[in-house]
Amino acid sequence: MALIRCDFDSEALETGTSMTVILPDRVRVAPPPVVYLLHGLSDDHTSWSRFSSVERYARDRGLAVVMPQVHRSFYANETYGMRFWDFLSVELPEVVGRLFRVSGRREDTFVAGLSMGGYGALKWALREPERFAAAASLSGALDLAYIQDHDMRPHVRALTARVFADRAVAGGDEDLMHLVRVADPAALPRLVVRCGNDDLLVAQNRRFIAACATAGVGLDSAFEPGDHTWEFWDRHLPGVLDRMIEGLKV
């Protein structure tokens, strides 16, 4: 495997940014399938490669992995700031396609993430279902409207105010519950959710699963012993990858 740090200029962000990319050195399928793997609120583009065995998991499955840098953005266009959603959904795949030989086919393209990245992964898949074969969340912050409206901790209030200002999450394109309600279940990619029973976000995950059930959206979900930790995410990442790429010839 090749582990690459890629620094490049982003037109969407109007600044330089970075991503970490894992590429298989012996491809079973050319070009290889690709997983966009998104980081959490307190992490960066290096976190998955530093704190998990993702390189080994990707090698065993013949996968390319793209891990972008989005800071504390909730993968959203900030009301008065940087356009992280445009960077993620438009510019990033274009840059990856220009710089690296990976598949661009829907059936070979996947997205996953942890915590804030789990939210970002499902938001991307629900807003652009034609892009992905499957999407997965580990310990995702899946009810952002609840966080904005009811989490009164000062640092959380400051964060949501910085990203969204006076823009309400509930009922819009940043609200996963709303996106599930208006989705065409037949058009969606496979969705996978994993969360620890002791995770601080477990209630949000249960609400998302309930919203999917109400909307008739299929979902592979499981709650296991564990907390909001890298131990949990690293333990469950191989199984999540296998569930996402199920049936893929790699």
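What to note about this one:
- Residue in the range 2-10 that is aromatic (Phe, Trp, Tyr) and within 21 Å of HIS228 (Cα to Cα) present: no
- Odd one out for ASP242, checked against (1) crowded, with 16+ Cβ neighbours inside 10 Å; (2) under 28 Å from LEU63 (Cα atoms); (3) out of contact with any Ser or Thr (no Cβ under 8 Å at 6 or more places or on another chain): (1)
Results for (1) more than 16 Å from the chain's Cα centre (by Cα); (2) free of Cβ contacts under 8 Å to residues at least 40 places away in the same chain; (3) in a helix (DSSP H, G or I); (4) on the phi > 0 side of the Ramachandran plot, shown as yes or no for each residue.
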| site | (1), (2), (3), (4) |
| --- | --- |
| GLU130 | no, no, yes, no |
| GLY140 | no, no, no, no |
| ASP149 | yes, yes, yes, no |
| LEU159 | yes, no, yes, no |
| GLY172 | yes, yes, no, no |
| CYS195 | no, no, no, no |
| ASN205 | no, no, yes, no |
| ALA213 | yes, yes, yes, no |
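- Selection of the range 50-66 for residues being in a helix (DSSP H, G or I), buried (at least 19 other Cβ atoms within 10 Å of the Cβ) and in contact with a Leu (Cβ under 7 Å, 6 or more places away or on another chain) yields VAL54, TYR57, ARG61.
- Selection status of VAL90, part of a helix (DSSP H, G or I) and either free of Cβ contacts under 8 Å to residues at least 12 places away in the same chain or surrounded by fewer than 17 Cβ atoms within 10 Å (Cβ to Cβ) (or both): yes
To keep it simple, each residue is scored yes or no on (1) assigned to a loop (DSSP other than H, G, I, E, B); (2) in contact (Cβ under 8 Å) with a residue 12 or more places away in the chain.
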site	(1), (2)
ASP9	no, no
GLY16	no, no
ALA30	yes, yes
VAL35	no, yes
PHE74	yes, yes
TYR80	yes, yes
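- For the range 97-132, the tally of residues that are of a type in the set (A, V, I, L, M) and over 21 Å from GLY40 (Cβ atoms) stands at 2.
- Residue satisfying all of: in the range 93-142; under 13 Å from LEU176 (Cα atoms) and among the aromatic types (Phe, Trp, Tyr); surrounded by the most Cβ atoms within 10 Å (Cβ to Cβ) among these: TYR119
- Residue match in the range 103-118 (condition: touching a residue at least 24 places away in the same chain (Cβ under 8 Å), over 25 Å from GLY62 (Cβ atoms), under 11 Å from the mean Cα position of the chain (by Cα) and in a helix (DSSP H, G or I)): yes
- Residue match in the range 222-240 (condition: of a type in the set (S, T, N, Q) and either at pLDDT below 95 or in a helix (DSSP H, G or I) (or both)): no
The values are calculated or read from the model by the stated rules, or taken from the named source; none is laboratory data. It should be emphasised that the depicted structure is a prediction, and the values quoted were computed from it without experimental measurement. Virtual Cβ from ideal backbone geometry, glycine too; neighbours counted across all protein chains shown.
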